[in-house]
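Enquirer: So that we are looking at the same thing, I have put the structure below in structure tokens.
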Amino acid sequence: MAEQENNLIEKLTQSEYKYGFVTDIEQEYSPIGLNEEIIKFISEKKKEPKFMLDWRLRAYNHWKTMKEPNWQKVKYPPIDYQSIYYYAAPKNSSKPKNLDEIDPEIRDTYNKLGIPLEEQKLLAGIAVDAVMDSISVATTFKDKLAEVGIIFCSISEAIQEHPDLIKKYLGSVVPYTDNYFAALNAAVFSDGSFVYIPKGTRCPMELSTYFRINASQTGQFERTLIIADEGSYVSYLEGCTAPMRDENQLHAAVVELFAHENAEIKYSTVQNWYPGDKEGKGGIYNFVTKRGICDGDNSKISWTQVETGSAITWKYPSCILKGNNSTGEFYSVAMTNNYQQADTGTKMIHLGDNTHSRIVSKGISAGFSDNSYRGLVKINKKANNTRNYTQCDSLLIGDKCGAHTFPYIEVENNTAIVEHEATTSKISDEAIFYLNQRGITTEDAVGMIVNGYAREVIMQLPMEFAVEAQKLLQISLEGSVG
Amino acid sequence: MSLLKIQNLKANINGNKILHGINLEINPGEVHAIMGPNGSGKTTLASVLAGNKQYIVTDGTIEFDSKNLLEMETEIRSREGLFLAFQYPVEIPGVTNINFLRVALNEHRKYKGLEPYEPAEFLKLMREKAKIVEIDPKFFSRAVNEGFSGGEKKRNEIFQMAMLEPKLAILDETDSGLDIDALRIVADGVNALKNKNNSFLVITHYQRLLNYIVPDFVHILYKGKIVKSGTKELAMELEERGYDWIKDELS
Amino acid sequence: MSFKEYLINNFENILAKYNFQNLEERRTTFKEFEKEGLPNLKNEDWKYTPINFLYNNDFELIANPQLDITSFTKKKSNSYIPENSNIFTFCNGIFAENESINLGDVKLEINDDIFNNISDNFPDGQMKASLNNDIFYKINQSLAPKSNKINIVSNSNPTTIILAASGETSNSFVNSKLHISVDKNVETSIFIYYLNTNQKKVFINQLLEFEIKENAQVKIYMIENDDNYLINNISLQQLKDSNLQFHIFSLRGNFIRNFIRNSLDATGIQSVIYGLYLPNGNDIIDNHILMTHNKPNCHSNQQLKGIMQDKSRGIFNGKILVQKDAQKTDAYQSNKNILVTKDASIYTKPALEIYADDVKCSHGATSGFLQEEELFYLTSRGIGVEESKSLLLKAFANEIIEKVTEENLKLWLQKEIEILI
């Protein structure tokens, strides 16, 4: 078995990243490095109102006073923040009014990624905002959504056209003082998506943003803001890929969700940034702050993530359960291979009465990777009759990886019921043998078992993406053995 | 031409010698039963035939359909037509029966140079075969063996056998833990699948199952060797006189 | 004056007054404390454990024995001491011969070499770092008067260890170091008490070491049952095929911090920790456990339960660390809590850190309260509400008490629980 195992692990670590191509397109950059001038440059490029520039500069000045955090269980060489381009955009990128006018190179790029930008070719019922490097290059189905009052556009556009909503909500869930990368993002973010669902509206289609890093030596700092007004519902999905490069690229995004009374937001991520090669060279540093607030009573926020890419993933999509009877959910599959590192989990902050949260986390580590679940469940003193259930499982493939679980449970109210369960195990030889005996190779058997293990989470994704996620797990893992 | 020919097979696990030289020949269309007390090596024999690497073959040969079985990986043995109905079928969380069987069956077809089944065609086949062992199609979307009762697990094994249509099916104590109704369903399933080209090796501790699946030959395995062979009457005698009779006879 | 300032201002005087040895090493270690100071809530290991009792220092360091015999005898008689037990009493870190009985199974060795620690043998870096980063360990290493070593060489009698703290007129601060080793193949039980014989407050900073040698079968009953401020660093090393049951009952105490670091350094080891903590009033009880599997085929289990009453706070931070070589590890951890009152709180962090793939590890943690249905059921049978609550809580605690195999101790514990719940 051991030799076979090694062969398979060998094979799996050689599986290719298929989104690693570079689009040869003329790019426009800001000068390299970071200072106030750069921030002014970005803000000017985006034709932003003054309040935005002021906000960015406040964020920048705050960032300068902060220290890069080091408590997480990930290791990376120090990042030189002065050797990054904070703005890169395809040239002539003034966003076309009509989807037919998109630069053919860009259109081609998205076709290769499986995201056609022609509406008729798109999977029925999914609207896409396509972001390349620092800017949004296309948004589909905008008009159709506008008919029911839904705003779905790039955040740059929203800043110009809906400044009141921006003023009210931007930074309301993740203030720039929140953490080092959130401050950096607030200072330099260049684009991202904006969604507003009006009162009582059920968004008629899935909304999605596809993030693509193309230029080298850049960082991507996108910012997404989703507001679900009273009684509304929206399901949103983000996907991401990047070219294969020897350098590490920084992706420091901020996502804010705001759910009013009786509103529900479902946010799904299929993260497949370039993970680096099998020696651990290159790959994206994915340092992301995602947080939602269930502000109104009976509101609900549900995070689902399938994380297979990035050299380092470090993020904790969280819920602040402020409204009474509100619900927070977190479903996660994090798969690491080769020298990938992931430190991910969630925070469920219970402030309101009768608030419920549920956490299901499935970690899969292979190769030399390290995979940690880190989570916080906090029951505030004034939150009565709250409930949390957490289940975190880890699966180890091979004996050179690590799987870790660090849950923090803080209960300050005696009417709370909090349950946490975690297990760590390997794929059983018996299960592999059973599948072998039915004619299935060990490689396929492992893929099958891993997908089965992750199923509870994957089933939370919208149908089309669930299929995509399953394939992704299989590719990232191709045939490993426990 | 025999389908399976075992000569002087010796095997051990964790350094313990379990099989001490087994000889056995099975022709197409035959049903053989292997009986023996606990610890005699019955499950070891089944595991070695299926290619479980926990067991080390130290001597002997096994020919299957004129090919060297011991050189094949487990999945190749399966695709060549060797099927093991497990004594303790494993639960595989999250993997649905339908997905599992579709992959397995298509692998078998690919091996034979056939195109994979179309989904509709496959589902139709599953429904047909499910009837043989009275399996509710609701089972299809449940995870493999997860939360199944003992009887359901065994029925699921026979159902998989029906889907894969092996040349040789080894039933490893398929009767253990079954009540009489479940036993009858399983046996009826096996009988319905029996024809002149396929063979069965029924491993059991009790004669009970052999009332339903009537063997052509019965072998008694004791301390890693076949110590006595005969026809179905041997099984009856064993049931009547117990294993001590064999032990006494040998000592 | 803060506690830190008090120690810094008086450090040299203390060294001289008590004629401490190894001065250079003590000074070097103390320098580290001077530099780092006391831990605050930003320190991950002290995140939920505020040491407010040290903000304004009202302790005076005592490093010589001043046992108040009347108080000691009374407290001792209130403790459970098994029949035919060896008794070793230490007062303020110094062996108290008059209050000790050696029936002959035990060797006692006292010397000045306090820098010879079991943790020096820990093969795992994280274990060492965890102890070396502990400021109270450093304080202990600077100020413990003697190295006391107890070596249990043969079976027969249980051993009772009484760690007493005393003073004359002021609140006393005591550093004490004790090393207990159990020889190969020895089967024994060890009972440990912390007693305050001072009329005032005491703060005990204890360093306890256990060396459980090959195939030794050891039961440790640690009973924290007096109004102390206690910081208890416990280093354990287990060798091949040894079997340890560590029972820890935190019944009384204003502030208790136990940090058990157990290093499983050979194959075939069994290690079980059962804990019960019952803070009330404004008590803070903190149990930290770091269970490190360094070698294959070992089994560990941690089961801790807490009942938080009044305004008390419970903290549990337990980690199972499985190193690369420790294949076939079986490790479990469970922490269950009940908050009885609205002002009580619990902070729990059960962690797994695993670097071997062929392992079975799991943990669970719960926090809850007394279920209305259960209460209703009992009251509907005519039992009063308070009585019902207490019945349910006792049943919850009893699961841990039941693990005690020493029948008389079990009865004694149940009696104590009657008073506390």
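The values are calculated or read from the model by the stated rules, or taken from the named source; none is laboratory data. Please read these numbers as outputs of a predicted model, since none were measured by experiment. Positions of Cβ are backbone-derived with ideal geometry, glycine not excepted, and every protein chain shown enters the neighbour counts. Quick note on the areas: whole protein, heavy atoms, side chains included, nothing else; ligands and nucleic acids left out. Shrake-Rupley method; radii C 1.70, N 1.55, O 1.52, S 1.80 Å.
Enquirer: In terms of Cα to Cα distance under 19 Å, which aspartates and glutamates are near enough to A:Lys322, apart from those fewer than 8 places away along the same chain?
Expert: Qualifying aspartates and glutamates at Cα under 19 Å: A:Asp178, A:Asp229, A:Glu230, A:Glu256, A:Glu261, A:Glu264, A:Asp295, A:Asp297, A:Asp353, A:Glu410, A:Glu412.
Enquirer: Under the classification rounded if a/c is under 1.5, otherwise prolate if a/b is larger than b/c and oblate if not, where does segment B:71-181 fall, given a ≥ b ≥ c as square roots of the Cα gyration tensor eigenvalues?
Expert: On the way: a/c = 1.72, a/b = 1.22, b/c = 1.40.
It comes out oblate by the Cα gyration axes.
Enquirer: A further question on this structure: Which chymotrypsin sites (Phe, Trp or Tyr not before Pro) in segment C:1-54 pass both tests, a DSSP loop state and at most 14 other beta-carbon atoms within 10 Å?
Expert: none
Enquirer: Determine the distance separating the Cα centre of segment B:37-73 from the Cα centre of segment A:200-246; give it in Å without decimals.
Expert: Here the two parts' Cα centres lie 55 Å apart.
Enquirer: From the helices alone, meaning DSSP H stretches of at least four residues, give me the mean residue ellipticity at 222 nm for chain A, per-run term -39500 (n - 2.57), in deg cm²/dmol to the nearest 500.
Expert: The helix contribution divided over chain A gives -7000 deg cm²/dmol.
Enquirer: GNM on chain B, C-alpha springs below 10 Å: top fluctuator among B:Glu157, B:Glu80, B:Glu25?
Expert: In the Gaussian network model the winner is B:Glu25.
Enquirer: Report, to one decimal in Å, the Kirkwood hydrodynamic radius for chain A based on all distinct Cα pairs.
Expert: Taking the inverse mean of 1/r over all distinct Cα pairs, chain A comes out at 22.7 Å.
Enquirer: Find the Cα radius of gyration of segment C:375-421, compare it with 2.2 N^0.38 Å by division, and give the number to two decimals.
Expert: Details: Rg = 12.3 Å, N = 47, 2.2 N^0.38 = 9.5 Å.
It is 1.29.
Enquirer: More than 31 angstrom separation, counting every C-alpha pair in chain C; what % is that? Display every interim value, and only then the final one.
Expert: On the way: 33167 of 88410 pairs.
Tail fraction, whole percent: 38.
Enquirer: Okay, next question. Considering only DSSP beta bridges where both residues belong to chain B, give the percentage that are antiparallel (nearest 5).
Expert: Bridges in chain B that DSSP calls antiparallel: roughly 60 percent.
Enquirer: Also, quick follow-up: So for segment A:384-433, Kirkwood radius off the Cα pairs, Stokes-Einstein at 25 °C and 0.890 mPa s: how many µm² s⁻¹?
Expert: Taking Rh from Cα pairs, D becomes 182 µm²/s.
Enquirer: Find the centroid of the Cα atoms in segment A:334-398 and in segment A:167-190, then give the distance between the two in whole Å.
Expert: Distance between centres, Cα-based: 24 Å.
Enquirer: If you take each beta carbon of peptide B:135-148 and count the beta carbons of other chains within 10 angstrom, what is the mean?
Expert: Neighbouring Cβ atoms belonging to other protein chains average 1 per residue here.
Enquirer: Another question, then. Can you spot the aspartates and glutamates whose alpha carbon is less than 16 Å from C:Lys184's alpha carbon? Ignore those fewer than 8 places along the same chain.
Expert: Candidates past the 8-residue exclusion: C:Asp105, C:Glu211, C:Glu214, C:Asp241, C:Asp265.
Enquirer: What stretch of chain B, leaving out the sites themselves, is the longest with no trypsin sites (Lys or Arg not before Pro) in a DSSP loop having at most 11 other Cβ atoms within 10 Å?
Expert: The reported range is B:1-111.
Enquirer: Then there's this: If we sort A:290-298, A:189-197, A:339-347 on the protection proxy, mean other Cβ atoms within 10 Å, highest first, what's the order?
Expert: My ranking of the peptides, most packed first, is A:189-197, A:339-347, A:290-298.
Enquirer: On to the next question. So which GluC sites (Glu not before Pro) in segment C:312-421 are both in a DSSP loop and have at most 12 other Cβ atoms within 10 Å of their Cβ?
Expert: C:Glu402
Enquirer: Do the alpha carbons of any pairs in A:Lys381/C:Lys42; A:Lys315/C:Lys35; A:Lys315/C:Lys47; C:Lys219/C:Lys328 sit beyond 31 Å of each other, and which pairs?
Expert: Those over the limit are A:Lys315/C:Lys35.
Enquirer: List the trypsin sites (Lys or Arg not before Pro) within segment C:1-91 that DSSP assigns to loop and that have no more than 15 neighbouring Cβ atoms inside 10 Å.
Expert: C:Lys42
Enquirer: How compact and how long is the protein assembly as shown, expressed as Rg and Dmax of its alpha-carbon atoms in Å?
Expert: Cα only, the protein assembly as shown: 34.3, 102 Å (Rg, Dmax).
Enquirer: Still on this model: Between rounded, prolate and oblate, where does segment B:67-121 land on the alpha carbon gyration tensor, with a ≥ b ≥ c its root eigenvalues, rounded for a/c under 1.5, else prolate if a/b exceeds b/c?
Expert: oblate
Enquirer: Using a 1.4 Å probe and counting only protein heavy atoms, arrange A:His260, A:His251 so the residue with the most accessible area comes first. Each step should come with its number before you reach the end.
Expert: Values: A:His260 30, A:His251 5 Å².
Order by accessible area, largest first: A:His260, A:His251.
Enquirer: Taking the convex hull of the Cα atoms, report for segment B:124-251 its projected area averaged over all directions, in nm².
Expert: 8.9 nm²
Enquirer: Taking the alpha-carbon distance from B:Lys228 and a cut-off under 15 Å, which aspartates and glutamates remain once sequence neighbours fewer than 8 residues away in the same chain are dropped?
Expert: Leaving aside aspartates and glutamates fewer than 8 places away in the same chain, those within reach of B:Lys228 are B:Glu25, B:Asp216, B:Glu237, B:Glu239, B:Asp244, B:Asp248, B:Glu249.
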